[in-house]
Every structure is written in structure tokens, then in C-alpha cells.
1. Assess whether residue 133 counts as being farther than 27 Å from residue 4 by Cβ and touching a strand residue (DSSP E or B) at 6+ places or on another chain (Cβ under 7 Å).
2. Out of region 100-131, which residues are touching a residue at least 60 places away in the same chain (Cβ under 8 Å), assigned to a loop (DSSP other than H, G, I, E, B) and on the phi < 0 side of the Ramachandran plot?
3. Being more than 16 Å from residue 65 (Cβ to Cβ), surrounded by 14 or more Cβ atoms within 10 Å (Cβ to Cβ) and either in contact with a strand residue (DSSP E or B) (Cβ under 6 Å, 6 or more places away or on another chain) or in contact (Cβ under 8 Å) with a residue 24 or more places away in the chain (or both) is true for just one of 188, 157. Which residue is that?
4. Conditions first: (1) closer than 25 Å to residue 30 by Cβ; (2) modelled with pLDDT of 95 or more; (3) not in a strand (DSSP E or B). Residue 157 passes all but one, so which condition is the exception?
5. Checking residue 36 against (1) touching a strand residue (DSSP E or B) at 6+ places or on another chain (Cβ under 9 Å); (2) surrounded by 16 or more Cβ atoms within 10 Å (Cβ to Cβ), which test does it fail?
6. Working only within region 193-204, note down all residues that are surrounded by fewer than 17 Cβ atoms within 10 Å (Cβ to Cβ) and in a strand (DSSP E or B).
């Protein structure tokens with residue numbers, strides 16, 4: 001019997017359109033191709049501009065996403081056509097994603113270190129989100145990823161995984177291997193049959209995010225063009 005095809009997908013990444021990354025679109029796409037990623041979600045902070053440009057460059061491979069800053073922490077969304085403004089309540093942000101046919105979950109939901117993590121607010125949103133991020137390669141404590149996976153299993157939610165890459169070296173560090181999909185609904189169904197594969201990134205890679213913020217603040221790096 002012929003084995004069912006599987007896609008290797010990194011579902012959390014950043015480019016120079018995030019203020020804490022300097023990864024060019026060309027370098028980003030080259031790394032995705034070189035590492036054999038079938039699909040990759042571009043989830044820059046509070047914008048989809050970079051994701052839309054990458055979608056033009058490689059329409060099949062790129063999923064247009066966004067990491068959304070809310071009043072209580074970050075959400076992560078896929079299959080977007082419009083950006084969701086930062087600073088809304090989690091509930092309103094979720095509604096904005098659904099209005100455009102996207103799917104939405106919580107990134108690094110129980111990370112004890114990141115101030116952007118939902119943590120306690122996660123539990124109030126479990127009935128409203130489509131998935132939880134079950135493995136984030138930038139969570140420094142493996143127990144935080146294990147707790148996220150346990151919570152997703154307990155509540156019957158699909159799980160994603162992603163490198164949370166802010167540099168080209170991190171891309172593909174965490175992936176989901178899952179059946180092919182052709183729509184947001186099919187994506188969620190495929191996630192239920194997916195297998196998470198990955199490892200925690202080296203802690204010193206966080207230095208590059210800090211460096212990116214500094215050079216942006218002082219105007220030493222070019223501002224990426226808007227759409």
C-alpha cells in the first residue's frame with residue numbers, strides 16, 4: 001500500500017517585518033527551500049506585510065499568518081488576508097481572524113518567562129481558539145511545552161509547532177509533519193493527525209532578537225517597505 005504523503009511544516013516564524021528580526025525575505029525563503037519545508041507560516045508581529053510579499057515569491061509554500069499582540073498576551077493566526085490590529089482584547093482579535101476565514105490559537109501559551117505569553121489567560125480562551133502551540137523552540141523550559149501539550153490533549157485541541165525563528169539558523173527547528181491540506185478547515189483536521197518534531201533552540205540565539213531591536217531603535221537597519 002502506498003504511504004500517504006506528509007508535509008513538513010514550520011508554523012511560527014519571523015522576518016525583518018518583525019522589529020526583533022533582521023532576516024531578509026530572500027534569505028528566509030532560501031532557508032525554507034534548503035531545509036525541505038513544504039509549508040511555512042510567516043507570523044510576524046502585528047503585520048502580514050512580509051508574509052504577503054513572500055506569498056507572491058512562493059505561493060504554494062507560504063501560509064500568511066500573524067502573531068497578534070492583545071491586551072492579555074499573544075495569539076497566532078493563519079490564512080489571513082488582512083492584518084489584525086494590536087492592542088485589542090483577545091476575544092475581539094479572535095473575532096477579527098474568524099471574520100476573514102482564518103484560524104487562530106495561542107502561541108507559547110504557558111511560557112513562564114515571556115511577558116507576551118498568555119499564561120493564566122490561556123485557560124479563559126480554550127473554548128474560543130482552534131488550537132494551541134504545543135511546541136515552541138524558543139521556550140527555554142521544556143516543561144512549559146510539555147504543559148501546553150498536556151493542556152491541548154486534555155481539552156481535545158489540535159496542536160501546532162514552530163521554530164519561532166527570528167534568524168535563518170532557527171528555521172525548521174520545530175515542525176509538524178502532517179497530511180496535506182487545502183483549506184483552513186482541512187488544516188485543522190490535518191493537525192489532529194500530525195506529529196510534532198523539534199528541539200529547543202540554543203539560548204544565545206535570543207541575543208540576535210535584542211540586537212535587532214537595538215539597531216532598529218537607533219535607525220541602523222532599514223525599515224522594511226510597507227505594502
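The values are calculated or read from the model by the stated rules, or taken from the named source; none is laboratory data. These figures come from a predicted structure and were not determined experimentally. Here the Cβ is made from the backbone with ideal geometry for all residues, glycine too, and neighbour counts use every protein chain on show.
1. Criteria not met by residue 133.
2. 102, 107 - these are the residues of region 100-131 that are touching a residue at least 60 places away in the same chain (Cβ under 8 Å), assigned to a loop (DSSP other than H, G, I, E, B) and on the phi < 0 side of the Ramachandran plot.
3. 157
4. Here residue 157 meets the rest and fails (1).
5. Unmet condition: (2).
6. Selection gives 195, 197.
Quick grid of which residues meet (1) surrounded by 19 or more Cβ atoms within 10 Å (Cβ to Cβ); (2) farther than 30 Å from residue 27 by Cα; (3) at pLDDT 95 or above:
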| site | (1), (2), (3) |
| --- | --- |
| 64 | yes, no, yes |
| 73 | yes, no, yes |
| 83 | yes, no, yes |
| 105 | yes, no, yes |
| 115 | no, no, no |
| 124 | no, yes, yes |
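Yes/no per residue for (1) part of a loop (DSSP other than H, G, I, E, B); (2) more than 15 Å from the chain's Cα centre (by Cα); (3) on the phi > 0 side of the Ramachandran plot; (4) modelled with pLDDT of 95 or more:
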| position | (1), (2), (3), (4) |
| --- | --- |
| 143 | no, yes, no, yes |
| 147 | no, yes, no, yes |
| 151 | no, yes, no, yes |
| 181 | yes, yes, no, yes |
| 187 | no, no, no, yes |
| 206 | no, yes, no, no |
| 214 | no, yes, no, no |
| 220 | yes, yes, no, no |
